[in-house]
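One structure is given here, and the rest of the page talks about it.
Quick note: the coordinates plus some simple rules give every number you see, no bench work behind them. Predicted model only: the values in this text are computed from it and were never measured. Glycine gets a Cβ as well: all are built from the backbone with ideal geometry, and neighbour counts include every protein chain shown.
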Amino acid sequence: MFDPSKYKPAQAINIVDRTWPDQIIEKAPTWCSVDLRDGNQALIEPMSVSQKIKMFELLVEVGFKEIEVGFPAASQPDFDFVRRLIDENKVPDDVTIQVLTQARPALIQRTYASLKGAKKAILHVYNSTSIVQREKVFKTDKVGIVKIAVDGATEVKRCAELAPETEWTFQYSPESFTGTEIDFAVEVCDAVTAVWNPTPDKPLIFNLPSTVERSTPNIYADQIEWFCRNINKRDSVIVSLHTHNDRGCAVAAAELAVMAGAQRVEGTLLGNGERTGNMDIVVMAMNLYSQGIIPELDLQNMDKIVSVVRECTQIDVHPRQPYSGDLVFTAFSGSHQDAIKKCLDMYEEGSTWEIAYLPIDPRDLGRTYQDVIRVNSQSGKGGVAYVLANKFGFELPRWLQIEFSRVIQGVTEVSGQEIHADEIWELFNQHYLKNEKVISLEDFSIEKSEGRETFNAKLEYYGNELAISGEGDGVLDAFVVGLKKAINIDFEIMEYGEHALGQGVDAEAVTYIQLKCEGRRYSGVAISKDIIASSLNAFMGAASQLLSEVRAAA
Ligand code: KIV
Ligand code: ZN
């Protein structure tokens with residue numbers, strides 16, 4: 001039995017005049033990837049050195065300018081990896097590496113040792129400040145917590161002075177910030193500020209982790225706004241966010257907190273990290289991009305990002321993970337497919353992206369239109385029509401879309417599976433282009449007099465020769481008259497459509513025809529270089545269906 005009395009609701013922040021709900025994000029924050037630290041720490045099998053190098057190269061390629069590369073004092077492989085990056089000169093000049101350490105002098109010293117020779121680095125020091133950690137883990141009071149932070153900050157400063165060849169930036173995280181009384185979080189951070197003495201030209205970073213996400217994102221945003229308003233030397237501080245996804249709102253929390261004044265965001269590609277993960281930077285960056293903001297990250301080769309992250313973390317990407325999942329540009333529902341097709345048909349290159357059901361252009365992530373629509377038994381006519389038009393050039397008239405989508409629906413209902421473009425094409429061939437014809441044209445002649453056409457032809461009809469002759473307003477009309485007379489069956493042409501297939505000298509004509517006989521309808525499709533041959537053959541395709549049915553019924 002659930003027992004809700006076991007849990008207490010998150011405490012609201014007393015900030016009645018909050019401003020963040022009215023803010024609009026107008027530029028991307030500074031991104032910092034923690035894939036190689038928080039992400040790596042959370043893996044069942046931590047990354048090997050070659051995987052770390054691969055991940056680091058991807059992060060650089062994607063455009064991160066700040067990358068947390070490890071926790072060198074806590075892990076020898078992390079120490080060795082940091083050394084390798086520095087010794088092998090793998091860090092581009094415009095990228096700053098960051099390393100994490102607890103606020104303990106011995107660990108800080110070892111961390112500095114890992115960074116010897118680095119051109120620039122962010123030294124990230126943390127200690128837990130929350131009520132639970134104070135009371136249950138460290139068994140110390142607020143004074144004790146401030147002392148840990150101040151002693152750590154002092155040691156960070158001292159070690160940096162011993163290594164002036166490196167350009168240092170200091171970062172402090174009051175770990176479990178969201179579980180800390182907000183005025184106490186400010187008190188601890190102010191104590192750190194007093195030690196580091198930042199200036200607007202040489203700011204420090206306060207990173208405010210939602211180490212465990214426990215509240216709705218608006219409360220986090222309130223905490224950030226309150227913090228930004230109340231800390232000392234705000235103009236010398238970069239406020240950074242570090243959200244985890246325990247309630248599934250890590251991205252939303254970071255977004256609202258940027259509205260509340262934060263300038264920097266830490267997270268991972270595709271959201272790997274402790275428990276439910278860190279906030280997914282791909283999602284937040286693409287959310288910004290979809291609002292017309294330059295994301296400052298190059299995510300255009302999403303397939304490569306997914307493949308490297310998967311290889312390095314051994315974790316699959318959910319097919320519905322926003323932006324990166326395999327199915328995010330796939331519409332299974334027929335009405336969605338119809339709407340997408342209509343919007344895509346009207347879309348002009350370079351204009352505003354307003355496509356139903358597709359919040360962004362799949363091509364921006366290196367995905368293609370061909371991947372947008374897949375067809376299954378739920379698809380309806382839109383998906384089938386889209387595939388035939390975009391992959392094979394056949395612009396099916398509406399009546400044929402409806403008819404052929406039933407064929408596809410029948411097949412997919414039996415298989416229970418999605419159907420791929422090539423199978424759709426094969427079925428289209430079987431049904432219309434390459435189906436067995438019981439009637440075919442051997443030879444024909446056309447005479448024109450006083451606006452009327454006379455059509456004389458020799459047909460093969462169930463293996464026998466059949467001569468026909470008819471007169472009408474056009475060739476097809478004359479053919480219909482002649483055939484009706486010869487086989488003594490009454491039918492009429494209900495639908496007719498044609499268009500060019502391809503361009504230039506190789507262009508062919510495709511014709512779609514539907515006949516009606518005693519309330520039933522029969523369709524034919526044919527292609528030919530010659531428009532008359534294409535319409536006569538389409539007619540015979542439809543007539544063949546009708547005649548086979550008549551014979552079967554006889
Ligand atoms: O989630 C967290 O609190 C952290 C800190 C060490 C920044 O990862
Ligand atoms: Zn974290």
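Here are the numbers for this structure:
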read-out: Unit charges at the beta carbon, dipole of the chain: most positive-side option, Ala543, Ser335, Cys312; value: Cys312
read-out: Distance violations [Cα-Cα > 23 Å] among Lys341/Lys516; Lys65/Lys120; Lys54/Lys120; Lys52/Lys304; Lys202/Lys233; Lys136/Lys233; value: Lys341/Lys516; Lys136/Lys233
read-out: Which of Met286, Met1 has the fewest Cβ neighbours within 10 Å, and the rest in rising order; value: Met1, Met286
read-out: Karplus-derived 3J(HN,Hα), 6.51/-1.76/1.60, for each residue of the range 220-236, Hz, glycine and proline x; value: 4, 4, 4, 4, 5, 4, 4, 4, 4, 6, 10, 6, 6, 6, 3, 6, 10
read-out: Lys529 versus Leu43: modelled label distance in nm, points set 7 Å from Cα along the beta carbon direction; value: 5.9
read-out: Asp17 versus Ile402: modelled label distance in nm, points set 7 Å from Cα along the beta carbon direction; value: 6.5
read-out: Protection proxy ranking, peptides 213-225, 404-416, 266-278, average beta carbon neighbours within 10 Å, highest first; value: 266-278, 213-225, 404-416
read-out: Fully extended contour minus Cα-Cα distance, from Thr216 to Glu460, at 0.36 nm per residue; value: 80.2 nm
read-out: The chain: calculated mean residue ellipticity at 222 nm from DSSP helix runs of at least 4, using -39500 (n - 2.57); value: -11500 deg cm²/dmol
read-out: Reachable lysines from Lys529, criterion Cα separation under 26 angstrom, eight or more residues apart if same chain; value: Lys391, Lys434, Lys437, Lys448, Lys458
read-out: Charge context of Thr101, other residues only, Cβ under 15 angstrom, K/R +1, D/E -1; value: 0
read-out: Gyration tensor (alpha-carbon) shape descriptor, the range 439-553, a/c threshold 1.5; value: oblate
read-out: Magnitude of the charge dipole, the range 38-84, Cβ model with Lys/Arg +1 and Asp/Glu -1, debye to 20; value: 160
read-out: Cβ crowding within 10 Å averaged over residues, with 171-184, 453-466, 313-326 ranked highest first; value: 171-184, 313-326, 453-466
read-out: Mean Cβ count within 10 Å, highest first, over the residues of peptides 66-72, 494-500, 158-164; value: 66-72, 494-500, 158-164
read-out: Inter-centroid distance (Cα atoms) of the range 254-305 relative to the range 175-244, Å; value: 20
